[in-house]
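The block underneath contains the structure these notes are about, expressed in structure tokens.
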Amino acid sequence: MKILSIHDLATIRKRAEHKLSLREESNEKVTEKCCGLASGTQHLQILICGGTGCKASSSQGITDNLRSAIQKNGIADKVEVITVGCFGFCEKGPIVKIIPDNTFYTQVTPEDAEDIITEHIIGGRKIERLLYIDPKTEHTVSNSKHMDFYRKQLRIALRNCGFIDPENIEEYIAREGYHALADCLLNKQPTEVIDLIKRSGLRGRGGGGFPTGLKWEFTHKQQSDIKYVVCNADEGDPGAFMDRSIMEGDPHSIVEAMCVCGYSIGSSKGLVYIRAEYPLAISRLKIAIEQARNYGLLGDNILGTDFCFDIEIRYGAGAFVCGEETALIHSMEGKRGEPTLKPPFPAESGYLGKPTNVNNVETLANIPIILTKGAEWFATIGTERSKGTKVFALAGKINNVGLIEVPMGTTLREVIYEIGGGIKGGKKFKAVQTGGPSGGCLTEKHLDTPIDFDNLLAAGSMMGSGGMIVMDEDDCMVSVARFYLDFTVEESCGKCTPCRIGNKRLLELLNKITEGRGTEKDLDTLATLGQVIKDTALCGLGQTSPNPVLSTLDNFYDEYLEHVRDKTCRAKQCKSLLTYTINPELCIGCHLCAKNCPADAIIGLVRKPHIISPDKCIKCGMCMARCKFKAILVC
Amino acid sequence: MSDIKLACDVAEQVRTICDKHGNNPGELINILHEAQHLHGYLPEEMQCIIASKLNIPVSKVYGVVTFYAFFTMTPKGKHPISVCMGTACYVRGSEKLLEEFKRVLGIEVGETTPDGKFSLDCLRCVGACGLAPVVMIGEKVYGRLQPIDVKKIIEELE
């Protein structure tokens, strides 16, 4: 049906609210009681994560098996299986949640489906083996509210992820979806909307942190027959996946926010520039756009007003630099994604030379809720100059890998040790990398710094899109810097000299150092050249590309020195600096290492200690991985 | 233009794709996506066909094809292997994994085995960082792999 008035929207909301009420209620109350049909529960819902991570671990198979078990037991009228967006706790995926008792099952396999139906859904007994075990207390926790991972989080941009069915527009409407749009179109002037966004203090979540309201105002003020709203969904930062999860879990929030933006700046055309590597996000977004059209929330005369707006999808093709707005615009025009000098800003001359407003996915996901809850509400969250929350993709050597959302101003310590559950395998924390290839490494001394745009910049890193990679004592910081440089060199578009040649030289120096040929003078060259690139490169990518090198030089100078002076790598990562040997006292001569050595570098008689020939050893570490007696040493 | 070695029906389908997009040079990237989806890769001749349909220089098409990592001018193997080199996978050992794939298959990144069975590539983050290190073979995602698993996987696929 087409929604023509606020009244129609209210009718749908009422109808859909009923479906969501079970989930809403169980979200409000905290219960440890287990519900099942045997104990008189009338209706149950099984929510299953349909995000990329969980799908990769066969969440589709779980859904299929659950459905057939429901059929087999003849309880289809009482139990629903609903695919929702990402719950965030990817480390323990696939996740299955049972409503109304809020039981949170982790690492579920398709084989567990039968038990979930017979034991829990019918029998009303929790399945202990699938419950999350709190590593601190070693007790099982069945309600996600009681998990450290969720306790400190505040989910605003991710409010609907893991809660609603992303392929059902009515569930989104039931969560006050499209109400912000209706309110803007029917009751507010474009300038009022812009003013509200300005007052909320929302800053762009894509990296730069530019105030969103100001950006809208610039584009609004431009005189032009046609203007464009662009959603930047080219999430190129490796290790960041928040935009993907939002599009997979709550695509309608993006559609609604783009509409609101279009109304505010005077545009009738929206474009989403999305990575081709995100097939699931693309398909969910397409479904959302189609549904919004069918409901009359996209297209001509939306909600019976004069306002017309529609959205098209454009595909990226794997170029990190296209996250930069001018490069992105060129790419949408079918050209090489090379950035151009600003000004002119896209707000003046963007896509096809017309005024264009580019916002990132997470920024847009905040818009509808700011409008429904008010600018003042949003402005109370966060720090003085960074309002609201930030989504981080927590990854690397951390116990709880996943997607988290915390208020700005939360400290790194809270994120890593409380939400993230500390370092994997009880190792020692070394650094956390934020901001991706444009960011830097933060260390122990930054752990109590409240995270916001300005504090991260002051600490020599940046917010970036929100990737947060945790590293432990086994990571070599010189190698990490080399890894990022390798990335930048490959992704540099080649337009300006500092980035094209300068970064290449930086990479060569880092290769030299990790291969044991570096000198102390090279460290000075790294620092000077890094600074020159920072000062002279054309676009954001080039200007920030030396950050990983400069920040590791700052924080881990000793480690660089060891590489060049002593030719050692304390993390045992730089192959050229390592020697593998066998401890004759521990070696029992089982010959397993020799059998697995790809270079035939290990010799020895059975039951006699073996030796590694240093000339033949390719330092692959295979022997170490195979040895059951810890007899292989590396130094 | 050199002799057309591309099968006639493929060439015709590529022309149809261009027509579908109104032969609009602004649609070049979308056209290339569809053409690669159709044929698996974008050989020189195909780029010539697209250039003449859109009435732009071949150099421009070539410039775009080589700029974006997603487009390839070499045919992929029956089992295209992509090792994730995103940061999360890197710190959990994807570099060693890649070395092992190179060693077992005897090819470098960007190459295809002579029998056409396997090709090896790197990719940047599929967003399944919880499963790091991740390798994609075809459409299937393999998570939490160690170098010692590589040989077995290859043998299974062979």
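The values are calculated or read from the model by the stated rules, or taken from the named source; none is laboratory data. Just so we're clear, the structure is a prediction, and the values are computed from it rather than from any experiment. Ideal geometry is used to build each Cβ from the backbone, glycine not excepted, and the neighbour counts take in all protein chains shown. Ligands, DNA and RNA are excluded from the accessible area calculation, which covers all protein heavy atoms including side chains. Shrake-Rupley method; radii C 1.70, N 1.55, O 1.52, S 1.80 Å.
Miscellaneous remarks
- Approximate shape of the range A:406-540 as ellipsoid semi-axes (Cα gyration tensor, √5λ), whole Å, largest first: 28, 19, 12
- Inter-centroid distance (Cα atoms) of the range A:115-162 relative to the range A:209-225, Å: 43 Å
- Angstrom value of the Kirkwood radius, inverse mean 1/r, which spans all Cα pairs in chain A: 26.6 Å
- Given charges at beta-carbon only (K, R positive; D, E negative), |dipole| of the protein assembly as shown in Debye: 1180 debye
- Under-25-angstrom lysine pairs by C-alpha in the range B:54-136, whenever the two are 8 or more apart or on separate chains: 9
- The range A:579-634: projected area of the alpha-carbon convex hull, averaged over directions, in nm²: 3.1 nm²
- The coefficient of translational diffusion for the range A:176-378, derived via Stokes-Einstein from the alpha carbon Kirkwood radius under 37 °C and 0.692 mPa s, stands at 198 µm²/s.
- Theoretical ellipticity at 222 nm over chain A - DSSP helices of four or more residues, -39500 (n - 2.57) apiece, nearest 500: -10500 deg cm²/dmol
- Positive-pole candidate from A:GLN573, A:LEU605, A:VAL634, dipole of the range A:559-635, charges at beta carbon: A:LEU605
- In straight-distance terms, cross-link reach from A:LYS616 covers every one of the aspartates and glutamates whose alpha-carbon lies under 16 Å from its own, apart from those fewer than eight places away in the same chain; here that gives A:ASP600.
- Inverse of mean 1/r across different Cα pairs in the range A:548-590, Kirkwood, Å: 12.5 Å
- The range B:96-158 and the range A:1-33 have Cα centres spaced 45 Å apart.
- Scattering profile of chain B at q = 0.18, 0.20 Å⁻¹ [log10 I(q)/I(0), Debye over alpha-carbon scatterers]: -1.01, -1.12
- Cα centre as origin, Lys/Arg/Asp/Glu Cβ charges: the range A:10-52 dipole, Debye: 220 debye
- Semi-axis lengths, Å, the range A:477-566, gyration tensor of Cα atoms, sqrt of 5 times eigenvalues: 22, 12, 11
- Taking the range A:277-391 as the region of interest, the number of lysine pairs whose Cα atoms are within less than 18 Å, with members eight or more places apart or on different chains, is 4.
- For the range A:247-254, backbone phi angles converted through the Karplus equation (6.51, -1.76, 1.60; θ = phi - 60°) give residue-by-residue couplings of 5, 6, x, 8, x, 5, 5, 6 Hz, Gly and Pro being listed as x.
- By the Cβ-Cβ criterion of under 4.7 Å, the unpaired cysteines of chain B are B:CYS8, B:CYS18, B:CYS48, B:CYS122, B:CYS125, B:CYS129.
- Helical mean residue ellipticity (222 nm; -39500 (n - 2.57) per DSSP H run of 4+; nearest 500) of chain B: -14000 deg cm²/dmol
- Rolling a 1.4 Å probe across all protein chains gives A:SER479 an accessible area of roughly 10 Å².
- Rg in Å to one decimal, and Dmax rounded to a whole Å, for the range A:17-147 via C-alpha atoms: 13.6, 41
- ³J(HN,Hα), Karplus 6.51/-1.76/1.60, whole Hz, each residue of the range A:351-366, x for Gly, Pro: 4, 6, x, 9, x, 9, 10, 10, 10, 7, 4, 5, 4, 5, 4, 7
- Using a cut-off of 23 Å between Cα atoms, the listed pairs A:LYS521/A:LYS567; A:LYS188/A:LYS269; A:LYS19/A:LYS97; A:LYS188/A:LYS227; A:LYS424/B:LYS151 include A:LYS424/B:LYS151 as exceeding that distance.
- Reference-scaled alpha-carbon Rg (2.2 N^0.38 Å with N residues) for the range B:8-67: 0.95
- DSSP bridge orientation in chain B - percent antiparallel, rounded to nearest 5: 55 percent
- Legend: residues A:ARG23, A:ARG175, A:ARG385, A:ARG505, sorted from most to least accessible area (1.4 Å probe; ligands, DNA and RNA excluded), read A:ARG385, A:ARG505, A:ARG175, A:ARG23.
- Radius, Kirkwood style, for the range A:389-472 when every pair of distinct Cα atoms is counted (Å): 12.2 Å
- Loop-located GluC sites (Glu not before Pro) in the range A:432-528 (DSSP state other than H, G, I, E, B) with a sparse environment of at most 10 neighbouring Cβ atoms within 10 Å are absent.
- P(r) weight above 19 Å for the range A:215-317, C-alpha pairs, percent: 43 percent
- Here the scattering of the range A:126-250 is modelled by Debye summation over its C-alpha atoms, one equal scatterer each and no solvent; at q = 0.17 Å⁻¹ the log10 of I(q)/I(0) is -1.19.
- Distance between modelled label sites at A:SER21 and B:ILE148, nm, 7 Å Cα→Cβ extension: 5.7 nm
- D by Stokes-Einstein for the range A:316-427, Kirkwood Rh over Cα pairs, 4 °C, 1.567 mPa s: 76 µm²/s.
- Going by accessible surface with a 1.4 Å probe and the largest first, A:LYS72, A:LYS92 read A:LYS72, A:LYS92.
- Solvent-accessible surface (1.4 angstrom probe) belonging to B:HIS39, in square angstrom, nearest 10: 60 Å²
- Dipole check for the range A:477-566: with +1 at the C-beta of Lys and Arg, -1 at the C-beta of Asp and Glu, and the Cα centre as origin, the magnitude is about 440 Debye.
- Net charge over other residues, Cβ less than 11 angstrom from the Cβ of A:GLU376 (K, R count +1; D, E count -1): +3
- With the whole protein complex present, A:THR118 retains an accessible surface near 50 Å², based on a 1.4 Å probe.
- The trypsin sites (Lys or Arg not before Pro) found in the range B:57-104 that occupy coil by DSSP, while having at most 16 further C-beta atoms within 10 Å, are B:LYS78.
- Remark on the range B:79-157: Rg and Dmax equal 11.3, 34 Å (Cα only).
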